[in-house]
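Have a look at the structure below, then the notes.
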């Protein structure tokens, strides 16, 4: 037994670790295979650490919201970095945003709830939406011969959804009513998770309400991770990407029917991105399985 242990420690254990940690498909870090503990990135799978087959430090992949110093203030951010030519274009889309939107305590609590939430995958396919609902006159915006598609995860946790409806919605309603004080009906805020391969094709949201919002939550995004909300001009000649800074809320005038899409999130992105979405109007719209209206 002592002889076998010595052989295993000196020969077999390094050999097994070498074989099991060789990269096969670089870049696919947090996808289907990693959910069962198989790494396709060349990084050491977590179960090798538990078996004692690796002396490396465990990787911090797909960690949801480590404890960070929360922002303790809210400030309006004007896009002063825009050029003289770009500013009128962005204004024409009816967009404005606020950085540091949630106070420190609410921001941290929201992230903690999200990290413990459950999600289900949603894949949308609408064959005829570009013929009427999302119709555009531009030749460079998706045409009627193509289907509208989207892929994302939506939160199914009761406690999280209750918090969003009873606490967060009231906080978000304030800046929306500064734009339109006639707003009465608000959708239940939807918590969306974007992971590698998630995307939304080009669409408009005027059917959901006259004002909409997106609250971005993440732990430090990078441009090349993808999953970038991008707006298109009326004629399709220009586009404007919105960087998803953590705790930034984007407020939209949906009556302008600004076409937008979310780029496909890259397979090498090592974390999730979260969006809290919602709409509001002075009149009641029909509820769906993804959109439920609440009167405030």
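Some observations on this one:
- Residue list for region 117-129, restricted to those being out of contact with any helix residue (DSSP H, G or I) (no Cβ under 8 Å at 6 or more places or on another chain) and either touching a residue at least 24 places away in the same chain (Cβ under 8 Å) or outside the structural domain of residue 255 (by TED's automatic domain parsing) (or both): 118, 119, 120, 121, 122, 123, 124, 125, 129
- Screening region 229-243 for residues that are in contact with a helix residue (DSSP H, G or I) (Cβ under 9 Å, 6 or more places away or on another chain) and in contact (Cβ under 8 Å) with a residue 60 or more places away in the chain and picking the one that is surrounded by the fewest Cβ atoms within 10 Å (Cβ to Cβ) gives 238.
- Selected residue (only one of 207, 148, 200, 213 is closer than 20 Å to residue 93 by Cα and touching a helix residue (DSSP H, G or I) at 6+ places or on another chain (Cβ under 7 Å)): 213
- Residue among 137, 166 that alone is more than 22 Å from the chain's Cα centre (by Cα), in the same structural domain as residue 96 (by TED's automatic domain parsing) and either surrounded by fewer than 13 Cβ atoms within 10 Å (Cβ to Cβ) or free of Cβ contacts under 8 Å to residues at least 24 places away in the same chain (or both): 137
- Residue in region 224-246 that is under 16 Å from the mean Cα position of the chain (by Cα) and assigned to a helix (DSSP H, G or I) present: yes
- Unique match (being assigned by TED's automatic domain parsing to the domain that holds residue 101, under 27 Å from residue 117 (Cβ atoms), loosely packed, with under 14 Cβ neighbours inside 10 Å and free of Cβ contacts under 8 Å to residues at least 60 places away in the same chain) among 224, 246: 224
- All strands (runs of 3 or more DSSP E) inside region 255-296 with 2 or more residues being touching a residue at least 40 places away in the same chain (Cβ under 8 Å), touching a helix residue (DSSP H, G or I) at 6+ places or on another chain (Cβ under 8 Å) and crowded, with 18+ Cβ neighbours inside 10 Å: 273-281
- Odd one out for residue 129 among (1) at pLDDT below 95; (2) surrounded by fewer than 15 Cβ atoms within 10 Å (Cβ to Cβ): (2)
- Looking across 283, 294, one residue alone is over 17 Å from residue 205 (Cβ atoms) and over 22 Å from the mean Cα position of the chain (by Cα). It is 294.
- Condition check for residue 205: in contact with a strand residue (DSSP E or B) (Cβ under 7 Å, 6 or more places away or on another chain) and at pLDDT below 95: yes
The values are calculated or read from the model by the stated rules, or taken from the named source; none is laboratory data. This is a predicted model, so every value here is computed, not measured. In this analysis, Cβ positions are derived from the backbone assuming ideal geometry, glycine residues included, and neighbour counts consider all displayed protein chains.
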